[in-house]
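The values are calculated or read from the model by the stated rules, or taken from the named source; none is laboratory data. Everything quoted here is computed from the prediction, not taken from an experiment. Glycine also receives a Cβ, built like all others from the backbone with ideal geometry; neighbour counts cover every protein chain displayed. For the accessible areas, the whole protein counts, side chains as well, though only heavy atoms, and no ligand, DNA or RNA atoms are used. Shrake-Rupley method; radii C 1.70, N 1.55, O 1.52, S 1.80 Å.
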6 protein chains.
Amino acid sequence: MTVRIALLNPNTTDAFTARLGEACRAIASPDTVVVARAPAVGTPSVECHADEAVATIGLMQLAREEEALGTDAYVIACFGDTGIDAVREIASGPVVGMTEAALQAATTVAAFFSIVTLPPRTIVQAERVVRYLGLSHRCRRIRAIDVLVDDCIALDETLLTAMIVESRKALDEDGAEAIVLGCAGLSALVGPMTQALGVPVIDGVGVALKIAEGLVAAGLRTSKHCSWATPPRHSVP
Amino acid sequence: MTVRIALLNPNTTDAFTARLGEACRAIASPDTVVVARAPAVGTPSVECHADEAVATIGLMQLAREEEALGTDAYVIACFGDTGIDAVREIASGPVVGMTEAALQAATTVAAFFSIVTLPPRTIVQAERVVRYLGLSHRCRRIRAIDVLVDDCIALDETLLTAMIVESRKALDEDGAEAIVLGCAGLSALVGPMTQALGVPVIDGVGVALKIAEGLVAAGLRTSKHCSWATPPRHSVP
Amino acid sequence: MTVRIALLNPNTTDAFTARLGEACRAIASPDTVVVARAPAVGTPSVECHADEAVATIGLMQLAREEEALGTDAYVIACFGDTGIDAVREIASGPVVGMTEAALQAATTVAAFFSIVTLPPRTIVQAERVVRYLGLSHRCRRIRAIDVLVDDCIALDETLLTAMIVESRKALDEDGAEAIVLGCAGLSALVGPMTQALGVPVIDGVGVALKIAEGLVAAGLRTSKHCSWATPPRHSVP
Amino acid sequence: MTVRIALLNPNTTDAFTARLGEACRAIASPDTVVVARAPAVGTPSVECHADEAVATIGLMQLAREEEALGTDAYVIACFGDTGIDAVREIASGPVVGMTEAALQAATTVAAFFSIVTLPPRTIVQAERVVRYLGLSHRCRRIRAIDVLVDDCIALDETLLTAMIVESRKALDEDGAEAIVLGCAGLSALVGPMTQALGVPVIDGVGVALKIAEGLVAAGLRTSKHCSWATPPRHSVP
Amino acid sequence: MTVRIALLNPNTTDAFTARLGEACRAIASPDTVVVARAPAVGTPSVECHADEAVATIGLMQLAREEEALGTDAYVIACFGDTGIDAVREIASGPVVGMTEAALQAATTVAAFFSIVTLPPRTIVQAERVVRYLGLSHRCRRIRAIDVLVDDCIALDETLLTAMIVESRKALDEDGAEAIVLGCAGLSALVGPMTQALGVPVIDGVGVALKIAEGLVAAGLRTSKHCSWATPPRHSVP
Amino acid sequence: MTVRIALLNPNTTDAFTARLGEACRAIASPDTVVVARAPAVGTPSVECHADEAVATIGLMQLAREEEALGTDAYVIACFGDTGIDAVREIASGPVVGMTEAALQAATTVAAFFSIVTLPPRTIVQAERVVRYLGLSHRCRRIRAIDVLVDDCIALDETLLTAMIVESRKALDEDGAEAIVLGCAGLSALVGPMTQALGVPVIDGVGVALKIAEGLVAAGLRTSKHCSWATPPRHSVP
């Protein structure tokens, strides 16, 4: 019996959506069908609260379409977990955020970790998730490199170097013992960064997919009791 | 010199918008022009995360229009402070949430307080604001009565009684010393509830308006350094 | 390529070990080999700190044996996650505690949850894990029924009824939206309890197995940088 | 109808009292009568807990005199909010501390802020207020320059430069997005510091006055239920 | 070599001062000279913030006198630890608050405890100390009986019964495992309450005396680096 | 009447055990009999979680032997308070950890402190105790020097210099006002470090002994209600 997992990319940049889908399919279970989707209209990257608002509308629309198809679980593939609680209200199955997944994995493989995100203005979003999960005492610091999300697409040497330099500071100055990558679509960096740093480097998208598979296998679905109950009809635009 | 304050009602229910405007004008300074506005399209009430997402889009549109008019400050007139950080990115002047304002006023007039909100599924939104401001140790409990926002419009005796009964429990069982009203548009209840309970009953909308006036008078504007900087153009739909 | 996951039962009760193995094999991926093991000598159940101390020695011995066999990941199958950090020092692969896994799953499928554990004296252990993960604001309350671990083996109607009664209180009085089962080996109760309560009921053992599979698939291993580095030789008795 | 607001300066330095009064009158509403007062005997500056104890006696005496005059609200004009809860017990109207007001304003105009106070030994008092309001997660750091309160009276170039240098560190090293001035009577620095730094610089005294006006307009008074009830007679020396 | 410990009773009720001295002498080391003192003028009991302010002035005067006599350590013998940080600035030796001592002892002999204090309006002071020491997670609840401090002097059967009834609720409803007595001068209740309840009942005064002796024996003195440095001269009235 | 206090050294290094005993006897009350003991088999030093597990078994055995002898109280003489809750379950009298004692003493003599421990991998254990006592807001930072526990035995000039250099950073960079020594058996450094630094330097072993004496004098014993009740028989190997 196949399991359909919708990988929701909150931004409209096709290169990202495709890359996310590939990264997940590479580690998905044989029975899992990974559907990578992005909103038809929205924002090409999510770098501020206004972007998040716009992207959430698209994510809700995608979730409603997926519900009609009987989708089993969702992954929100953007650091900050854009619109995750709105999607949880719409979804029947579990909704796993890549940020929450990365942070939870980090606590499992390391006593302390730091996040290296980009650009600096998104530190506030990362901090929101850290606090939502109560992990301020395990997350040593949220660091950022001064690169725009768009400029990550190339995944070039400059980006890799900047990430490694900042991560080394996290190990040496913060007391971090693992690094959480603060942007989706960087899974190609995991290998070289792990090699260079010698500690776990965590890409939340892949971990989120596996957790989503796991929760489905364990028979868990989103609680519809109170906070994340199905929204009253009028809120669906 | 007049000060223009935009009172943003996140829902589309005209009766609420009008009532909020009246309540604020009654206590505004003579130099303040209160403009009460609501999105043209959106949700008739904000009772869940999906509602918040929809409403935020409308609030952003209103904020952009107001910026073009040189508006001095904003009040978000919905418990939960719908979309406040997105509006802060767009706004030049201060943006005051009715929830944040109510909680801050509560800490000034009482050592401990409880919130009485509605309906129960919005407890999670109230808790989000309490934690965003770090007030879990001052907010004794978030209580809810089982009434929909729509059913508040009438402001009838049943609503008043339910609010008083729940507030009495807050005083007797929680150790609360003031009550925060967990919904906009209930300012008419402040008088009878204060009479019945003998403790401060706080309507955040009015307090938010006065704080907004105060921040403008003190010359403060929203910081554009990092987290709430003006969004990159692409995020404006 | 098969993945070997060692399911470590800290107590010496064979019936528990067998039951845990079965429950996990039922949801394991086809490529996963689940090896359920318990210490040869130790304590028949883990109900206090002294029990935990004794059980940890056994778990460390098992982990050393498994390391020699190239085991890919570990699950600690006891509520309280007995000895987990000591095992993490010995292990190369990820070590997932059933408690941590249950709590993380709970935050994914519910805004708030309560734990129902047994017997009452183990509340302190559950609280230790909740605080280690920083989840005091999401875990509404830790409840306990007055039953010994040994008396769970029968999984009879009395146990089920007691668990349902206590869980109902969690939903009605605490504001919980999901229930975490506070003891390993209760997976047979998940079905009837979910049926009775209408909210997610979470058995950490199964979830832990799936997370362990996921972390292996994502290529993550325990950080050997600092806190969980391999112990100096002398500490191995 | 006029509103009488007593601006209580806890120290006995007349130059400070006069300056505070002027700064507040410049932004007060036309209907507000600002009465700036200081104890007849006490301490010339408040720089330690012993100073606070002495100053509190004077503040209580002033508050009792003001109560007899029907004063509508109070502002405590000293960083650390000297004796604020004792004054709240005596007062009928709201009592607004300049520190609490500054911190609340800071959370409204910036996601994160730092405090720059003086001298270093008062950091502990600033931290007390930050924790009383629960804002440790929003206040990035409390910095201090090595200048005595007395030496602030001159408001000279040296002081300005020291404040700007320390504030720049707050922006660059702490991730602050606004600066809270940690001493009363520095409102003349707000202009040049804002100019130099490009972020909101917050003088709590002015903000406190405006919040006090606002709470009066909103009809709020200090809760007399329990913690801040009128003291039993014997405690009035 | 004798050790002089000044037992500072913040209130002026001689019966209390005498009783505190006797209770401490009964458990003091042979080399300890216990000097029980109270301010000449002040408040007969400490039940609110205004009382605390008045009492602190008296405590500071006593501390200055004791410093001139070479006193080795101090105990603040009032629940809430009236004026403790002001006294610490004046003192060379350690200053131990009965509340802090009681809470620290409670964490040593019990995983969780509750406080039973009086009257209800002092709950806020107890909570201040609990938070100052960071013990909100170990202190299950602060309960109060509706009795004035003055009415404790008699130590009669009614008081004992009320304390036992409230403490039983703490054990049964809060999950407390020890009881902290929230008022000085109740040491005579320790015996009968321990007998009735079967858990540790902690009188902070005695514990504080013993901790003070211990810190002196260990050669520790109050840090004069920064926060608790000797106050500048002007603050001594 | 003599009081027997068992000083439990979790490691098997005789030089440490002897040194600890001497240091404690030097400050013990005349009536106190200090019995310094170490496990017959175990680990020569405690530097990781695996070490702690091994050492705890030995401590439990010692505690059971001491209980049979009517021992009045216990001190756990290892930074991290190895196995303290397991010992508390076995003990009738109070069990005082040197880490808990040091932290509590630090809050009494200083507003803020830092810990200087060794080697770096034990920072996680120190942090566990800091959080167990809720002192993250008072402990400015946990620093470590890169020295193994074994290398402390010599107590030579190199060690002293390293400790002073790191402690100076704590005072200058962290805002610490006292230093907690993060290893047992360093009491000989207290004198020279205090001399060099001019702030309290706290050796937890001595303080723990005096607190243990104090709790015995105050008649307190470990609560046997729930969390630390005597373990069921089967857990005693």
If one takes the longest principal axis of the Cα atoms in chain C, at what angle in degrees, from 0 to 90 and to the nearest 10, does the Cα axis of helix C:14-25 lie? 90 degrees
Running a GNM on chain C with Cα contacts under 10 Å, which residue among C:THR71, C:THR99, C:THR222 ends up with the highest mean-square fluctuation? C:THR222
Rounded to the nearest 0.05, what FRET efficiency do D:MET1 and A:THR230 give with R0 = 51 Å and r taken as the Cβ-Cβ distance? Could you check? 0.50
The Cα extents of the protein assembly as shown along the principal axes, largest first and rounded to whole Å, are 85, 84, 60
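Quick check on the protein assembly as shown: helices-only [θ] at 222 nm, where DSSP H runs of length 4 and up contribute -39,500 (n - 2.57) each and the sum goes over total residues. Nearest 500, please.
Taking each H run of at least 4 residues, the total per residue is -13000 deg cm²/dmol.
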The answer for B:ALA144, listing residues at least 5 apart or on another chain whose modeled amide H is closer than 5 Å to its amide H, is B:THR117
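Quick one: compute a quarter of the convex hull surface over the Cα atoms of chain E and quote it in nm². Could the numbers behind the result be given before it?
Working: hull surface 49.0 nm².
Average projection, Cα convex hull of chain E: 12.2 nm².
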Mean-square fluctuation check for chain D, GNM, Cα pairs under 10 Å: which of D:ASP85, D:ASP14, D:ASP156 is largest? D:ASP156
Report, as a whole number in µm² per second, the diffusion coefficient that Stokes-Einstein gives for segment A:18-127 at 25 °C and 0.890 mPa s using the Kirkwood radius over alpha carbon pairs. 163 µm²/s
1.4 Å probe accessible area per residue over segment D:186-237, in Å²: 35 Å²
Mind pulling the angle between the C-alpha long axis of helix F:49-68 and the longest principal axis of chain F? Nearest 10 degrees, somewhere in 0 to 90. 50 degrees
Can you tell me the convex hull volume per residue for segment C:99-204, based on C-alpha atoms, in Å³ to the nearest whole number? 82 Å³
Just give the residues from segment F:121-157 buried by at least 20 square angstrom of accessible area in the all-chains context relative to the isolated chain, probe 1.4 Å, and say none if nothing qualifies. F:ARG121, F:VAL124, F:GLU127, F:ARG131, F:TYR132, F:LEU133, F:GLY134, F:HIS137, F:ARG138, F:ARG140
Running a GNM on chain E with Cα contacts under 10 Å, which residue among E:PRO192, E:PRO200, E:PRO119 ends up with the highest mean-square fluctuation? E:PRO192
With a 1.4 Å probe on protein heavy atoms only, work out how much accessible surface E and D bury together, total over both chains, in Å² to the nearest 100. 2400 Å²
What lysines sit close enough to F:LYS210 to cross-link, taking a C-alpha to C-alpha distance under 29 Å and skipping anything fewer than 8 places away on the same chain? E:LYS210, E:LYS224, F:LYS224
Would you give the gap between the C-alpha center of segment F:50-118 and the C-alpha center of segment D:1-23, rounded to a whole Å? 54 Å
Between the chain alone and the structure with every protein chain in place, find the residues of segment E:83-107 that drop at least 50 Å² of accessible area; heavy atoms, 1.4 Å probe. E:GLU89, E:GLN104
Expressed in whole Å with the largest first, what are the equivalent ellipsoid semi-axes of segment D:119-160 derived from the C-alpha gyration tensor as the square root of 5 times each eigenvalue? 25, 11, 8
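Take the solvent-accessible surface of the protein heavy atoms, probe 1.4 Å, and return the percent of it on segment F:99-204 that carbon and sulfur atoms account for.
53 percent
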Whole number in Å², please: accessible area per residue of segment E:45-133, 1.4 Å probe, ligands, DNA and RNA not counted. 16 Å²
Please list, in chain and number order, the residues 5+ apart from F:LEU7 or on another chain whose amide H is under 5 Å from its amide H, with Hs placed from the backbone. F:VAL35, F:ALA36, F:ARG37, F:VAL75
Comparing the chain by itself with all protein chains present, which residues of segment F:167-206 are at least 30 Å² less accessible (probe 1.4 Å)? F:GLU177, F:PRO200
